[in-house]
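The values are calculated or read from the model by the stated rules, or taken from the named source; none is laboratory data. Values in this document were obtained by computation on a predicted structure and should not be read as measured data. Using ideal geometry, Cβ is built from the backbone for each residue, glycine included, and neighbour counts are taken over all protein chains shown.
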Amino acid sequence: MKLGIYGGSFNPPHLGHLHAAIAAAAYLQLDELLLIPAGIPPHKHFDDPGAAHRAAMTQLMAEQAALEAKIPVRLSRMEIERGGKSYTADTVRSLHEQRPDDELWLLMGTDMFLTLQDWYHPEEILAHAGICAFGRSERDTEELFAVQRNYLTERFPNALIATMTLRNLVEVSSTELRAMLPEGGRYLTPQVYGYILRERLYGTNLDLKRLTLEQLRPVALSYLKAKRVRHVLGVEQEAIRLAEKYGADVEKARFAALLHDCTKKLDMDEQLALCEQYGIALDEVERVSIKLLHAKTGAAIAREVFAAPRDVCDAILWHTTGRADMTTLEKVIYLADYIEPSRDFDGVETLREAVYADLDRGLALGLKMSIEELEGYGSPVHHNTREAYDFIKSKLGE
Ligand code: FE
Ligand code: FE
C-alpha cells in the first residue's frame, strides 16, 4: 500500500499544510497518510509551545484531512517519542523497517525540496521513500524543480521524484501566522484556532470565562471530532431560529448549542474522571451510558471552564434526556439537537414541522420518538425522559 509521510514542526499546523496533504493524497493516490510533528526540528528555532500541544493540534488537522481526503490520516508521535533532534532519515528508515511492503512517499514544500541534498543522510531517505514536492506556482514546479530533480537523480540514481503544482496553496509561513494570531485565526482551521485560544498558546491570552460568541465558537469546535463540527454548527443555527420563534434568549441558546457536545468525544474513563473531578453524582443507568454522561460532563465544563450561566448549563445538562417541566431554553436545545439541518433519520421532517408549528407538541413528539427508538433497541429509557414525556402530555391535556 502507498503510505504518505508528511513531517514538519506543525507550529501550528495551518491551511497550507491541510491543502497540501489533501492534494498530495489525491495526486499520489495514497492509501494512508501520516502527519509527523518533529520532536526538535533540525532546521528551525522558534517559539515552541511544546511537542504535546503541536501533536494535539496536528491531531485536529489530521481528522479534518481524513474527512476531506477520504483516506485514513493519522498523527504519528514517532519523532516526538524518539526524542532529540528529528532527522527524516531516521523516520523513513524506521517506517521502512516497520512496513517493509509499503511504498513510502515523503511530502515536502519547495524550500525543503531544494535543500534535500543538505539534509542528514539524504541517500538513506531516497533509498526508502519517493519524494513528492509541491510548489506554489508554475515557476516553482517547472523551472526550479527541474534543475533540482536532475541534480538529485544524477547524484542518487534510484531516487523517485514527483512534483506537483498547488495553485491555491496557502502562502503563509508559521512565523507570519503566529504574528497574525492576535487579530484572529486566518489560515487556520477553526478547530486549531480554537485549540490555540483554549490553551492560550503563542501569547494569545483570552479569559475563557468572558468569551464573546465569536470567540467561543472556535474554542467549542476544538473539543469535537472533526465529523461532529457540522452537527454542532447546525444545532447553533437551529437554536437561533427556535429561540427567536419561541422567545428564548438567543445568545444563551447559541452558548448552550456550541458547548452541548463538548465532551462527546471522551471515552468512558475520561467521562468518569470528569464526574469525579466535578463531583457529579451518577445513577445506575448513567454509570454505564456514555451517551448520558456527556450531557452531565458537558454542563460541568460549561460552568467551570466557561462560567456559563445556570440556565445555559441546565440546557446542556438536559439535552439528551429532557426532564419534567422544561424551560423554553431547555426545549430549544433539546429539539435543535434533534432536528438540526444535517439530521436525516426517518421521521425528521414530520418532527421539524411539529416543532415549528407548536413547541410543546413538537417536544412531545420528539420525546415519544426517542422513547420508542430506545425501546426498539432494547436500551433502558432514563426516568427523566419518561417524566418529561408524561409531563408534557398532561400539560397538553392528552
Ligand atoms: Fe449530545
Ligand atoms: Fe448533539
Residues of the range 322-342 classified as within 14 Å of ligand 1 (Cβ to nearest atom) and surrounded by 16 or more Cβ atoms within 10 Å (Cβ to Cβ), total: 10
Number of the condition not met by Ser173 [criteria: (1) touching a Lys or Arg at 6+ places or on another chain (Cβ under 7 Å); (2) surrounded by fewer than 17 Cβ atoms within 10 Å (Cβ to Cβ)]: (1)
Members of the range 300-321 that are among the aromatic types (Phe, Trp, Tyr) and either within 15 Å of ligand 1 (Cβ to nearest atom) or surrounded by fewer than 16 Cβ atoms within 10 Å (Cβ to Cβ) (or both): Trp318
Checking Arg210 against (1) modelled with pLDDT under 95; (2) more than 20 Å from the chain's Cα centre (by Cα), the condition it does not meet: (1)
Of all residues making up the range 276-302, the number that are within 16 Å of ligand 2 (Cβ to nearest atom) and touching a helix residue (DSSP H, G or I) at 6+ places or on another chain (Cβ under 9 Å): 11
Selection count where residues are more than 13 Å from ligand 2 (Cβ to nearest atom) and either modelled with pLDDT under 95 or among the β-branched types (Val, Ile, Thr) (or both), scope the range 333-344: 0
Residue among Ser370, Ser342 that alone is part of a loop (DSSP other than H, G, I, E, B) and of a type in the set (Ser, Thr, Tyr): Ser342
Output for the range 101-137, where each listed residue is of a type in the set (Phe, Trp, Tyr), under 23 Å from Ser173 (Cβ atoms) and within 31 Å of the chain's Cα centre (by Cα): Phe113, Phe134
Only one of Ala25, Ala55 that is farther than 28 Å from Ser137 by Cα, at pLDDT 95 or above, part of a helix (DSSP H, G or I) and in the same structural domain as Leu169 (by TED's automatic domain parsing): Ala55
Any hit, the range 256-273, residues being away from ligand 1 (no atom under 16 Å from the Cβ), within 22 Å of Phe306 (Cα to Cα) and not charged (D, E, K, R): yes
Enumeration of residues in the range 343-367 that are of a type in the set (Val, Ile, Thr) and surrounded by fewer than 22 Cβ atoms within 10 Å (Cβ to Cβ): Val348, Thr350
Counted residues, the range 303-328 - those being farther than 14 Å from Arg241 by Cβ and either in contact with a strand residue (DSSP E or B) (Cβ under 6 Å, 6 or more places away or on another chain) or away from ligand 2 (no atom under 14 Å from the Cβ) (or both): 17
Sole residue being of a type in the set (Val, Ile, Thr) and assigned to a loop (DSSP other than H, G, I, E, B), chosen from Ile36, Ile80, Ile71: Ile71
Members of the range 361-394 that are at pLDDT below 95 and farther than 23 Å from Leu293 by Cβ: none
Check on Thr297, among the polar types (S, T, N, Q), part of a loop (DSSP other than H, G, I, E, B) and within 12 Å of ligand 1 (Cβ to nearest atom): no
